[in-house]
Amino acid sequence: MIKTNLEKWNSRISGWVCVSGEDAASYLQSQFSNDLRGSAERPCTYGLFLSLKGRVRADAFICQTGPERFEVVSYNCPSKELCSLLEENVIADEVDFTVREIGTTFVVAAETLPVIPDASLIFPGRRMRESHFDVVFSSGSTTIPDKELEHIRVKDGIPSVPIDIGYGELPQEAGLESVAISFEKGCYLGQEVMARLKAMGRVQRHLYHVSGFSNTPTSLAGINCNGQPAGEIRSVISDECAGKWYGLALIRRRFAESDSSPKWTLENGNTLEVGEFTGDE
């Protein structure tokens, strides 16, 4: 589906926290999975907050708006939870946290940064494959997301945290290492596990495209391969015009990568098709 330039969809952003102070940059760098040092050329960076064991806790965009000021925005982590997550490892750092008011938000398809008067924040988003930007206002009414935006995300195979890659799961299971993790920066929470996985590890599950013609399953519905438990549905959407449903599912790789001809079924017995891995190999 090719998006028209400046096509617009209502969206939702759950969390927005301003991090400021003379230690803001170094503190965020120590907590975030991606490298913020290129923020002068790339003022907004997507990445993850991980546990010491490398498990996903939340994802966010960090946008530098001043020498000592960063706006941290998350699609699905509420502001209070995001603020608590950001604060929990402060010891002697000179850093302040301010929860921002979230007003109207929308997504616009554009190749270059659009000029939108009075917008509080504009940054490249992760809701579809084609170029687009999230636009955030600190005033106005909270918007109800357009269903089409979720349909585009699922069909494009863009993982959503925590729907597709849940809290306590590994970024590599959803192919996020290529977009959300730096293997060059210094120490950060979860860095040792990320480096070990890159050097010699292999995750046992991956996020795959799935689809079917039966009744639309619910999220977390189990998937069997030749009668054995193999995974579960995560995101799922219904395409009534095609009489078909599409989804993303976390599946054990030994089943999905088998040379045999697998028979895929849902836990209720309905059949489904398993497609490609959503990430980059």
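What the table below lists for this structure:
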| item | result |
| --- | --- |
| Sparse-neighbour loop sites [chymotrypsin sites (Phe, Trp or Tyr not before Pro); the stretch 100-182; at most 13 other C-beta within 10 Å; DSSP] | Tyr167 |
| Peptides 116-125, 8-17, 255-264 ordered by average Cβ neighbours within 10 Å, highest first | 8-17, 116-125, 255-264 |
| Distant-in-sequence amide H partners of Ala221 (H built 1.01 Å from N, under 5 Å) | Ile233 |
| HN-Hα J in Hz across the stretch 181-192 - Karplus 6.51, -1.76, 1.60, θ = phi - 60°, x for Gly and Pro | 10, 9, 9, 10, 6, x, 5, 8, 4, x, 4, 4 |
| 222 nm mean residue ellipticity, helices alone, for the chain (DSSP H n ≥ 4; -39,500 (n - 2.57); rounded to 500) | -4000 deg cm²/dmol |
| The stretch 205-277: relative contact order in percent, alpha carbon pairs under 8 Å with at least 6 residues between | 42 percent |
| Cleavage-rule hits (GluC sites (Glu not before Pro)) in the stretch 149-253: DSSP loop, at most 11 neighbouring Cβ within 10 angstrom | Glu184, Glu240 |
| Most mobile listed residue (Val154, Val236, Val179) in the chain, GNM with C-alpha springs under 10 Å | Val179 |
| Sequence ranges 91-103, 55-67, ranked by mean other-Cβ count within 10 angstrom, highest first | 55-67, 91-103 |
| Dimensions in Å of the chain - Rg and Dmax from alpha carbons | 19.6, 59 |
| Pairwise FRET efficiency - Glu184 versus Leu220, Cβ, R0 = 41 Å, nearest 0.05 | 0.70 |
| Per-pair calculated FRET efficiency, R0 = 41 Å: Ile91 and Arg254 via Cβ, rounded to 0.05 | 0.40 |
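Values quoted throughout were computed directly from the atomic coordinates according to the rules given, and no laboratory measurement underlies them. On a predicted model such as this, the values are computed, not experimentally measured, just so you know. A quick note on method: Cβ atoms are made from the backbone with ideal geometry, for glycine too, and the neighbour counts reach across all protein chains shown.
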